[in-house]
1. Is there a residue being polar (S, T, N, Q), within 14 Å of chain B (Cβ to nearest Cβ) and on the phi < 0 side of the Ramachandran plot anywhere in segment A:646-669?
2. When only residues in segment A:748-779 that are of a type in the set (Val, Ile, Thr) and at pLDDT 85 or above count, which is surrounded by the most Cβ atoms within 10 Å (Cβ to Cβ)?
3. Which one of these is under 27 Å from the mean Cα position of the chain (by Cα) and either closer than 18 Å to A:Gly659 by Cα or assigned to a helix (DSSP H, G or I) (or both): A:Val482, A:Val499, A:Val513?
4. So which residues in segment A:609-637 are open to solvent by less than 20 Å² (accessible area, probe 1.4 Å) and closer than 14 Å to A:Thr466 by Cβ?
5. Between a first residue in segment B:30-51 that is closer than 17 Å to B:Glu375 by Cβ and a second residue that is not in a helix (DSSP H, G or I), which pairs have beta carbons less than 7 Å apart while being 6 or more apart in sequence or on different chains?
6. Show the residue pairs that are 6+ apart or on different chains and have beta-carbon atoms under 6 Å apart, the first residue being within segment B:363-377 and of a type outside the set (D, E, K, R), the second being open to solvent by less than 50 Å² (accessible area, probe 1.4 Å) and in a helix (DSSP H, G or I).
7. Would you confirm, using the coordinates I've provided, whether B:Asn214 is at positive phi and open to solvent by less than 10 Å² (accessible area, probe 1.4 Å)?
Amino acid sequence: MSTIERIDERSPSAGTASPTRTSSAVRPAPPALQPTRGVAWTVVPAVVFTATITILMTDLGRALSTAVATAGFVALVTMSSTTVRSSTRPTRAAIGAAAGIIASVGAAGVGAGSTSAVAAQFALVWFVTMLVTGRFLRFRSDAPTDFEASRSFQYDRLLLPGAATVGLSCALASAFDGFDRSATIIAFAVPLALCIFRASTGDLPSRSSQLVPTTRAALAGFAGVIGAALTLPGQVPSSALPVLAGIAIAIAALIALSTPEQIVGHVLRPVHSTGWLTPAALLLVIGAGGTGVTFLALAIAVAAAVASRSRRSASLHTPTPSAPPDPSPSSSRRIVAGLTLIGFAVRTFTHRGLWLDETTSVFQAKKPLVDMVQFIGETDNHPPLHHIVLWADIRLVGDSEFALRLPMMLMGAALIPMVYLIGREFFDRRIGLYAAAFATVAPVAVWYGQEARMYSQFMLLAAISTYGLARILKSGQRRYWVIFTLANVALVYTQYFGVLHVVATVVVLAIEVYRRRHTPGMHALLRGEMGSIVAHAVLLAPLVPFALAQAMRNQDEGFGFSTTGITAGSDVVPPPGLDGFLTNLQWIFLGYQPDDVSIRLVALWPIGLLVLLLLLGTPRRTSNRILLTLAGIPMLAVFGASFIAAQSRSLAEVRYFAGAVPIFLVLLAAGVGTVARSRRLQRVAVGSIVAVMSGALVVQQFDTDNPRLYQYEEAVEQIRDDARPGDSVVFAPQYFNYTLDYYEPTIPSAPLEDGVPTAGANSVFIIEADSFADSDDARNLVDAALTEFVDQGRSVDARYTFAQVTVWKIGPAA
Amino acid sequence: MTLIDTHRGAPAETGVWDAGDVPARWPVRLAVALNVALTVWYFSWLIDLDHANNLWLYGALLVAECFNVMQGAMFWWTVTNDRRHERAPAWTGPLPVVDVFIPVYNEPVDIVEPTIIAATRLQGAHVTVHLLDDGKSDDMARLARRHDVGYIRRSVNKGAKAGNINNALGETSGDFVVVFDCDHVPKSHFLDATMGYFGNDDVAFVQTPQYYANQSDSTIAAASAAQQELFFGVISRGKATRGAMFCCGTNVVFRRSALESVGGFPEDSLTEDFALSVELHERGWESRYVAEVLAVGLGPEDMSSYVSQQMRWAQGCLGGIPRVLRSKLPLRQRLQYLSSGTYFLSGWTVMLYMSLPIMRLVFGVQPIGDVGTDEFLLHFGPYFVASLATVAIASGGAFTFSAFALNSATFWVHIRSLGRVVFRRRGSFVVTPKHGAAGRQLRPIRVTIAFAIALTVAIVVGLARDPSPSTFNNVAYAGLHLVVLACGAWPALVGDSLRPAQLSSVNSAEVAA
């Protein structure tokens, strides 16, 4: 064949569509993704009920927006749970389940405070209840029950990760055939009972410590599932679901176990008072036991997968079985569309305010276009394309937080189909779908899809370039050369580090030219590559003087291109080295986690050895090599540069090789396809990974210990609430002025570098923003200011602490 | 335009083990060179008492790592000389007279019959097939009559398989002797591909690979086959190049005069082939290896069969080490024999590696301490990756995770074998069962299960006691071992075996081919 379906062919028949067509002809049509009859019974009262709660509990404006958003979530939840209940196809059911959970989680992003908590918990509990009752008990209206349950969890937002895990576990358990309802009920009932029991004690501990028992409760639930499954005759051999889904719980447990001091406190306190047989101690034992069981389950699951693979792959007398048949193009398109919508929904729900880099970009983008470009050239060290996008966005959509982030949200959502296309081109549609599912909830992709900076654009353009490259290697058509070249050029105009991706693509093309040196196609490929390089040079030429000017200015200021200058978060960037490398790998797949969680996740590196062992004997594939080259060169280059220039530790950061993120997700999907050969095992593995990523996403988004979270908005809001006319603000470091300008331009403010206000009759607020490259200087300035204020006879009336920012309220002079 | 991958792996049944899948030499040598450098890098860091936490564990770890490196070094030395073998020169002169021995001991007739049929169809020599029946079975006698082949039955079974063959040597007179296990079905051109080497009068025997045809239907057979592929692929080619290929008991052609020069097969060894090879090489005879699948057999299909086979090999090879040490073999040959013999000590290292996370999680002791992840991983990681990569590259992808896991899950075989050798408890020659048993087999994996439980308990205890990053690291190690053990033991746990009907069809298919 002149044009093959995939770059790699596992078997002669693997890429053909005919088997799928044949089977789909005799297979009953799957149910559509839409509510079925009777759902209105639950949707309408739920929406009304939710809206009522929100109106009663908050001010009208926020309540209305919350109600509308929650209603949307409820609808999504309804549709997904309906799909789960009525689906005969595990994939559809799993996607429905995932959508439900994501929607539930997303509900928590609407607004702030107890409203969102109630809304999210309502949606979540409602989802689970509806799933169970709808599937097994055939009850229809359950809103009052939900309300009671959700009221128990009120103000306890961090119950969400645990509860989400429970919900997803239940959903997965229900979704897959071969799994008995009693197991599902146990999965649901045990953790829920534990959660309610825990909440009903009235002792509502801090958010983080709540995470521990809740997740352990979820874990206990899974232990229940496994126990139930083991007691069901004939179930275990036919379904590896409980054991594989346990992987998700293992990671959740690991995250939960990340607060040792809280665990110790949690255990010791009841031990001193009432002895060991307390709920907390019990949960600790269950949690640790559950983790052990989960590891055992993981071992069994992998064993099942490997056994199946090895037996089949060694076949001599029958042709080596091809991978499970691809889904049809039309169903793939539908699934990808659904995932894209979900991905967009996930990216739209964020409660975090803008941080320094974003407000800096906003400040720049509010200037006239030419002035902006000139200003960036003189003061920044980034190329201008993202700012131009932001410039247009502000004028077309506005400058609200949502509006500012909308372009990146859209690009983040667009990344999902692009990842699918990469997976499809390098492997097959199935792998593409798996990768797209990962991209939907991949925490780091979501994080940057919610940030008004250039990294989501970086990922998307790198993905487009990679897709173009795949098509070039397969078809060599000119239009793909154009797509590839334009994507690469736009990438460099977006972020200078995009050059590394471009270099990687050139390397790949060069290797392919060499590999094909004896084939007729070599000359065309070589010509195309040469032409593309020339086009790159021509199109990038205008950027050269711009970049050189920035480089020279940075050099003059002592930065050069070895650092990123004013960069927040530098102290949360690990030093270059293996720790940093592993941390970045963790970020790629599990996003930004609290430090103690990250440390524990990185400590799990021996699992990487296991992965290497699992790959023994698997066929070497050109696709893997190409993708590894594309992902590896930028990553290693960044680390190499960072390692060589030891002072530039802030370079060793995933965002500087963000283009590798979608490629890593495709490789992960391909890995699933390689290790697990049966369709069921693959789906379970994908479901587990999505569950793990979702859990990590929830923690990333909601845990205030996330070192990337900057609560500037909350700090400014606090000042706004406290300030009286005539009060003023001083801050350090000076770059905070962009943030103040955005959130509160009316209060008089000045950087501490300009000096401390003299004694007056009004209060002064000091803001110290942490985690800046020059945070020590900022701290010194603040300390000096506090001393001076005391010398002036003033007192510190209040001190407010938020994530990465502290506010002092200095009273008037006595 | 395509980018279709080169798929490496198991050779096709009709394939040649050194034609399609011999990796180019430079990547192997590059990998080995890298491996050596990284081994030095790792050991230069490891051998430092400042890194020791618990001296006893540290010492044990050091011994285990040194053993592994020695095994690794032998492997690297072997594979760097891997090269394609020329086709055997054609046999010149009148057709040789060849006796084909098929020793049997109570195996099912349906297993033996295809081998006899195929043996009678061998081309390129005056072939006389003899069924050497130590089982004294009338069915076998009838089978021999039915196919008009010789039937030799001893009155006293002495010396197991070796004694059986020696007895037959006394009753036959062909210039050459071919030995096939009763489940190894030769291809008709077996002699064409091997006899030419005997043009050199110094050649005592020509060995050909063992290939398992039943790997598609049994997980253990598949894993076992992958282990065989590593040995009969890159290792045997390398050994042959070093002049140290030893006889493997089946699919092999002997020069009668060579056998007679050493008094036939040694009857006091469980691995008579290994001992015989030492004798022959010591007397200056040479061996050859034809890396082409010329006979298709059946591998162990269940855990009991596999363990039985491994136990016999381990005990025989470990028991043969003193003989190798005493021998007057050239150093290169002696090292090759020692490498093969000491391989069966590797189960000790597996046990140690599995024990270390247990010790840390339960008792809080560990071999290495006060070392950050960064530092340890920086030294160990590259060494580990390079070692795996070297095996993968050199074997052309033949060695699989399943093979590794099966080997790890039966680590106790090596430990028990050494015990039996040290305490001179001579085992009996147990013929590897030819039919897999139905149902789960917990007995051969009870030690494995015990270790799996210990690892699980260690994880629980460790996490409940101290959920620190260091604990997590050891939990991950324990999880790794747990997965490997589970994968290796899985077929025995779930009762994965070949059905007799399938088995018969396998051999029938071979005959038909």
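1. No: zero hits.
2. At the first step, the residues of segment A:748-779 found to be of a type in the set (Val, Ile, Thr) are A:756, A:758, A:764, A:766-767.
This time we only want the ones that are at pLDDT 85 or above, so: A:764, A:766-767.
Values: A:Val764: 23, A:Ile766: 22, A:Ile767: 28.
Residue satisfying both the conditions and the ranking: A:Ile767.
3. Details: A:Val482 fails: under 27 Å from the mean Cα position of the chain (by Cα); A:Val513 fails: under 27 Å from the mean Cα position of the chain (by Cα).
None of the other options fit; the residue is A:Val499.
4. A:Ser623, A:Ile626, A:Leu627, A:Leu630, A:Ala631, A:Gly632, A:Pro634
5. B:His51/B:Ile368; B:His51/B:Val371
6. Taking only residues 6 or more apart or on different chains, the pairs are B:Gln366/B:Arg360; B:Pro367/B:Leu57; B:Pro367/B:Tyr58; B:Pro367/B:Leu61; B:Ile368/B:His51; B:Val371/B:His51; B:Leu377/A:Leu578.
7. Working: at positive phi: no; open to solvent by less than 10 Å² (accessible area, probe 1.4 Å): yes.
No, not satisfied.
For (1) modelled with pLDDT of 90 or more; (2) crowded, with 17+ Cβ neighbours inside 10 Å, each residue gets a yes or a no:
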residue	(1), (2)
B:Thr6	no, no
B:Asp18	no, yes
B:Pro23	no, yes
B:Trp26	no, no
B:Leu49	no, no
B:Glu65	yes, yes
B:Val69	yes, yes
B:His85	no, yes
B:Pro103	yes, yes
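The values are calculated or read from the model by the stated rules, or taken from the named source; none is laboratory data. What you are looking at is a predicted structure, and each value in this text was computed from that prediction instead of being measured. So basically every Cβ, Gly included, is an ideal-geometry build from the backbone, and we count neighbours across all protein chains shown. The area values use the complete protein model at the heavy-atom level, side chains included, leaving out ligands, DNA and RNA. Shrake-Rupley method; radii C 1.70, N 1.55, O 1.52, S 1.80 Å.
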